[in-house]
Amino acid sequence: MQLKKLNNKKYLLILLVFLFIIFKFFDTPYNLYSILNWNYDERMEQKYGYCKNESWGFYKTIKNKFNLEGENIKIINDEGHVTLENLFNIKKVNSNETKYFILLNFKSKNNEGILNSKYEFIKNYKVKFRENNCYLMERK
């Protein structure tokens with residue numbers, strides 16, 4: 001009987017250690033806290049950034065401010081992060097001849113202006129909306 005109790009305690013201890021590792025790995029307490037205290041938009045912006053990383057907040061802002069549905073838009077994330085056009089029903093194309101152009105996380109060298117950047121085709125555009133280092137540009 002003593003051996004059976006010892007085995008049960010051993011299994012219970014292993015289970016508790018395993019659950020602790022899972023909770024720590026997935027950051028469960030913090031994630032539960034954020035779900036309870038922040039709405040969806042705040043959590044998405046916190047995770048994917050406003051004008052950093054994937055720039056989720058900038059996409060949301062331009063979707064709410066401008067009617068871009070059905071427009072072909074060239075999107076470049078200058079930091080190399082993925083673009084989120086599918087989440088916002090934006091039609092991304094690779095052509096330099098689009099009406100709109102979105103440049104995310106623009107990094108300038110020696111304080112160069114956006115029109116003097118490494119993207120030559122950008123000279124055909126004017127800034128329609130800017131927030132920090134993210135730009136929505138419209139063809140001139």
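The values are calculated or read from the model by the stated rules, or taken from the named source; none is laboratory data. Model, not experiment: these values are computed from the prediction. Cβ placement follows ideal geometry from the backbone for every residue including glycine, while neighbour counts extend to all protein chains displayed. Each accessible area value is taken on the protein alone, full model and side chains, heavy atoms only, with ligands, DNA and RNA left out. Shrake-Rupley method; radii C 1.70, N 1.55, O 1.52, S 1.80 Å.
So what J values fall out for the stretch 22-35 if you push phi through Karplus, 6.51 cos²θ - 1.76 cosθ + 1.60 with θ = phi - 60°, rounded to Hz, Gly and Pro as x?
Calculated HN-Hα couplings, in order: 4, 4, 5, 4, 8, 6, 4, x, 5, 5, 5, 4, 5, 5 Hz.
Choose one answer from 84, 12, 68: the residue with the largest mean-square fluctuation in a GNM of the chain with alpha-carbon springs under 10 Å.
12
Based on the Cβ-Cβ distance from residue 30 to residue 53, what FRET efficiency comes out when R0 is 25 Å, to the nearest 0.05?
On the way: r = 18 Å, r/R0 = 0.73.
According to the calculation, E is roughly 0.85.
So how much accessible area does residue 17 have, in Å² to the nearest 10, using a 1.4 Å probe?
That residue has around 70 Å² of solvent-accessible surface.
Limiting things to C-alpha atoms, what are the Rg and the maximum Cα-Cα separation (Dmax) for the stretch 16-82, in angstroms?
So, for the stretch 16-82, Rg and Dmax equal 16.8, 54 Å respectively.
Hey, what's the Cα Rg ratio for the stretch 67-140 versus the globular rule of thumb, 2.2 N^0.38 Å? If you can, show how the numbers build up before the last one.
Details: Rg = 11.8 Å, N = 74, 2.2 N^0.38 = 11.3 Å.
Output field value: 1.05.
Run lengths n ≥ 4 of DSSP H only: what is the helix-derived mean residue ellipticity at 222 nm for the chain, with -39500 (n - 2.57) per run over all residues, to the nearest 500?
Numbers: 4 runs with 53 residues, N = 140.
Mean residue ellipticity at 222 nm (helix-derived): -12000 deg cm²/dmol.
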